[in-house]
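A.B. asks: The structure that follows is given in the form of structure tokens.
The values are calculated or read from the model by the stated rules, or taken from the named source; none is laboratory data. Small disclaimer: the values here were computed from a predicted structure and weren't measured. Counting neighbours? That spans all protein chains shown, and the Cβs are built from the backbone with ideal geometry, glycine included. Side chains included, ligands, DNA and RNA excluded: accessible areas come from the protein's heavy atoms. Shrake-Rupley method; radii C 1.70, N 1.55, O 1.52, S 1.80 Å.
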Amino acid sequence: DAGVTQSPTHLIKTRGQHVTLRCSPISGHKSVSWYQQVLGQGPQFIFQYYEKEERGRGNFPDRFSARQFPNYSSELNVNALLLGDSALYLCASSLVGSISGANVLTFGAGSRLTVL
Amino acid sequence: GEDVEQSLFLSVREGDSSVINCTYTDSSSTYLYWYKQEPGAGLQLLTYIFSNMDMKQDQRLTVLLNKKDKHLSLRIADTQTGDSAIYFCAESPFYGNNRLAFGKGNQVVVIP
């Protein structure tokens, strides 16, 4: 079975540009979360989507947006890129979005964004 | 709020045990996790512990939780070269939510 797949794996943008990152969850997983991992740091939560609705948002500016599609895949969009947006963007999927249990997330390998 | 702290670097000889420590601040955390990240890869969930437990063992991994001190540790027995990676602890401060708060990570280097 395929795990969480993300595309592109690497990309380079310049300041002010826009980027779209894509994520396909594990088959049957209805929840997708996005995390930003700056070099040398732990991942920081950006968004969670469940059944196409936003269920949580981290402390990120409005330049960051996301959506989830009927097939549960997701896109993360970042507008007006800044140098500080350079990071590894990780997508994680889980079986359910809000239950009384451990949040077992399966992560993809990430999309490495470099902003010049 | 969430604030997870970890030490940065650990060197260990193959076959020895390694212990990685983590402290957290949010006493409402329900689950605490250990993730492993190898170079160029995403995060792999190793194990997790529910906050009403104080120990969990899973093969070579032992997790200890001290809720009073908000201290979490991961012990890896018989450390192998394949254990070389960065290890992150994380907490779920929001019940039933996928918002995990991660520490900065602890790099473990296993010397053959």
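A.B. asks: From a point 7 Å beyond the Cα of A:Glu54 in the direction of its Cβ, which residues of segment A:68-95 have a backbone N at a distance under 14 Å?
C.D. replies: Flagged as within label range: A:68, A:75-79.
A.B. asks: Over 24 Å between Cα atoms, which of B:Lys36/B:Lys56; B:Lys36/B:Lys70; A:Lys30/B:Lys104 qualify?
C.D. replies: Details: B:Lys36/B:Lys56 17 Å; B:Lys36/B:Lys70 21 Å; A:Lys30/B:Lys104 28 Å.
Distance filter (> 24 Å) returns A:Lys30/B:Lys104.
A.B. asks: Give me a single rounded figure for A:34-41: the average over its residues of other chain Cβ atoms within 10 Å of their Cβ. Don't skip to the end; give the middle numbers.
C.D. replies: Working: counts 1, 6, 0, 6, 0, 0, 5, 5.
What the average comes to for A:34-41 is 3.
A.B. asks: Here is a further query. For chain B, with every protein chain kept in place, what is the accessible area per residue (1.4 Å probe, Å²)?
C.D. replies: On the way: 5360 Å² over 112 residues.
The answer is 48 Å² per residue.
A.B. asks: Any idea how far apart A:Leu116 and B:Arg60 come out in nm if each label point goes 7 Å out from Cα toward Cβ?
C.D. replies: Spacing of the two 7 Å Cα→Cβ label points: 4.2 nm.
A.B. asks: In addition: Could you grab the relative contact order for chain A? Cα pairs under 8 Å, six or more apart, rounded to a whole percent.
C.D. replies: Relative contact order, chain A: 37 percent.
A.B. asks: Moving on. Can you tell me the dipole magnitude for chain B around its Cα centre, using point charges on the Cβ only (Lys, Arg +1; Asp, Glu -1), in Debye to the nearest 20?
C.D. replies: That gives chain B a dipole magnitude of about 120 debye.
A.B. asks: Per residue of A:42-50, what is the mean number of Cβ atoms on other protein chains within 10 angstrom of that residue's Cβ? Write down the numbers at each step before the final one.
C.D. replies: Details: counts 15, 10, 3, 9, 1, 2, 5, 1, 2.
What the average comes to for A:42-50 is 5.
A.B. asks: Right, here's the next one. Tell me the trypsin sites (Lys or Arg not before Pro) within segment A:29-116 that lie in a loop according to DSSP and have at most 14 other beta-carbon atoms within 10 Å.
C.D. replies: A:Lys52, A:Arg63
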